[in-house]
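Asks: After the structure tokens below, expect a handful of questions from me.
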Amino acid sequence: MDRELTPISSLSPEISNFAICERVTFMKEITNGVSFDLTDTYGESIRCVAFGAAGEYCKRELKLNELCYVMDGKIQLKSDDYPSYTTHACEIIIFNEHNVKIRQEDPATDQNVDAPPAAVTPIANLNDSVDNFKIHGRVTLMDDKRRPEKVFSFEITDVNGYTIRCVAFGELGVRLYGSIAKDQSYYLTGGKVKNGHTLYNQTGHAFEIILDEFPTIEPAPAVLTVPKLNLNRVMLCNVQNEQYYRKPIDVIVAVEEINDFLDDYHPIENKPPVLRNMVVIDDSNFRIRLTLWGYRAMDSGVEEFQNKIVAFKGIVPTQFEGEL
């Protein structure tokens, strides 16, 4: 194809003449068509929605991890009709089958293809419909205080600021416990994306990765610089609402009081035995008790929080003895 390619980051509703060629990182059949994501080597992704003849073509020909051309579709702001985890604020609507084409890769001639054979999948795009993925991120939290022979987990954050929890069990947990390092960057493949456990998954991501028996975790050549947290703030006065109960939320609060951690709690199965309570307040003038569990409690010093403004990502509102 002789047309000049347009970077995904440059696409906007004002552009009508464009061509992109990126790798398919997600696809799903929808009513009267197909929704699929294209992701470039920088982790930038955009949703494409094909209807009519274009939708039928995509159903037949489109495959995950293949390179795909999209040309001259309609660019518009993302619709809320279909869930999207792409980084771009826009989406591409395709009606004409001539506007989408699968690129046949030839190893003998595609030595300098922009997208590598295993394109990096943005963490925001991961869900239980994604079977093959490769993520690149920095380990921002490790569960290094629990027994790895039972379960070992860590959180990895990509360049877009999205975080996902990775979990390993048994011998794999022991092996990874000795090889994964906090604040180091890795490429990771091999695992099943499943719904996150709300008690342990506090990343704000709805899903987590259960690592398979032989995952590939390769150190990246350079430490990834991760951006500030992506926060969807909820005011404390609203956390009692049913829509937030037992679901991860983000808050920004002032810490009025923080206690020493306690280790005499009788845990239920797999629940960390150490906890630390604090009292927090926000702009709504609503106070609430916030509890840190396990390694989070042990790693958090009083001086880090007392009388400080703190952002918490992925906390889970629950009730204890009838109190929130």
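Here, each number is a calculation from the coordinates, and none is a lab measurement. These numbers were taken from a predicted model, which means no experiment stands behind them. Cβ placement follows ideal geometry from the backbone for every residue including glycine, while neighbour counts extend to all protein chains displayed.
Asks: For the residues 205, 88, what sequence is obtained by ranking on other C-beta atoms within 10 Å, fewest first?
Replies: Values: 205 22, 88 19.
Ranked by crowding around the Cβ, least crowded first: 88, 205.
Asks: Okay, next question. Put one equal scatterer on each alpha carbon of the stretch 123-219, apply the Debye formula with no solvent term, and list log10 I(q)/I(0) at q = 0.18, 0.20, 0.21 1/Å to two decimals.
Replies: Log10 of I(q)/I(0), two decimals: -0.75, -0.95, -1.07.
Asks: Considering just Cα atoms, how many Å³ per residue does the convex hull of the stretch 1-76 enclose?
Replies: Numbers: hull volume 7.2 nm³, N = 76.
It is 95 Å³ per residue.
Asks: Okay, next question. Output ³J(HN,Hα) for the stretch 244-252: one whole-Hz value per residue in order, computed from phi by the Karplus curve 6.51 cos²θ - 1.76 cosθ + 1.60 with θ = phi - 60°, and x for Gly and Pro.
Replies: Here the 3J(HN,Hα) series is 9, 5, 6, 10, x, 9, 10, 9, 10 Hz.
Asks: Another one. Hey, fewest Cβ within 10 Å first, where do 24, 49 land in order? Before the final figure, lay out each step's value.
Replies: Details: 24 20, 49 26.
By the 10 Å Cβ count, ascending, the order reads 24, 49.
Asks: Which value in nm describes the separation of the simple spin-label points at residue 214 and residue 19, placed 7 Å from the Cα toward the beta carbon?
Replies: So the two model labels end up 4.1 nm from each other.
Asks: Let me ask something additional. Please turn the phi angles of the stretch 21-26 into ³J(HN,Hα) values with the Karplus equation 6.51 cos²θ - 1.76 cosθ + 1.60 (θ = phi - 60°), one per residue in order, whole Hz, x for glycine and proline.
Replies: Whole-Hz 3J(HN,Hα) from phi for the stretch 21-26: 9, 9, 8, 6, 10, 7.
Asks: Same structure again: Listed here are the pairs 192/313; 101/194; 194/247; which of them are more than 21 Å apart at the Cα?
Replies: Numbers: 192/313 24 Å; 101/194 31 Å; 194/247 16 Å.
Pairs exceeding 21 Å: 192/313; 101/194.
Asks: Net charge within 15 Å of residue 282 by Cβ-Cβ distance, Lys/Arg positive one each and Asp/Glu negative one each, not counting residue 282 itself?
Replies: Numbers: positive: 233, 287, 289, 308, 313; negative: 250, 256, 257, 283.
Its environment carries a net charge of +1.
Asks: What full-extension length gain, to one decimal in nm, is calculated for residue 61 and residue 3 as 0.36 nm per residue of separation minus the Cα-Cα distance?
Replies: Working: separation 58, 0.36 × 58 = 20.88 nm, distance 2.20 nm.
Separation in residues times 0.36 nm, less the Cα-Cα distance, equals 18.7 nm.
Asks: If you take the beta carbon distance between residue 28 and residue 247 as r and set R0 to 25 Å, what does 1/(1 + (r/R0)^6) give as a FRET efficiency, to the nearest 0.05? Show your work: numbers first, answer last.
Replies: Working: r = 23 Å, r/R0 = 0.92.
So, using R0 = 25 Å, E works out to roughly 0.60.
Asks: Follow-up. Using 0.36 nm times the number of residues separating residue 41 and residue 150, minus their current alpha carbon distance, what extension gain do you get? Numbers along the way, then the final one.
Replies: Details: separation 109, 0.36 × 109 = 39.24 nm, distance 3.60 nm.
Full extension of this stretch gives 35.6 nm more.
Asks: Residue 224's amide H: which non-local residues (gap 5+, or another chain) put their own amide H closer than 5 Å, with H modeled 1.01 Å from N in plane and none for Pro or chain starts?
Replies: Amide H neighbours of residue 224: 185.
Asks: Once phi is turned into ³J(HN,Hα) by the Karplus curve 6.51 cos²θ - 1.76 cosθ + 1.60 with θ = phi - 60°, what whole-Hz value does each residue of the stretch 201-214 show in order, with x for glycine and proline?
Replies: Karplus-based 3J(HN,Hα) across the stretch 201-214 equals 8, 10, 7, x, 8, 6, 10, 9, 9, 8, 5, 7, 5, 10 Hz.
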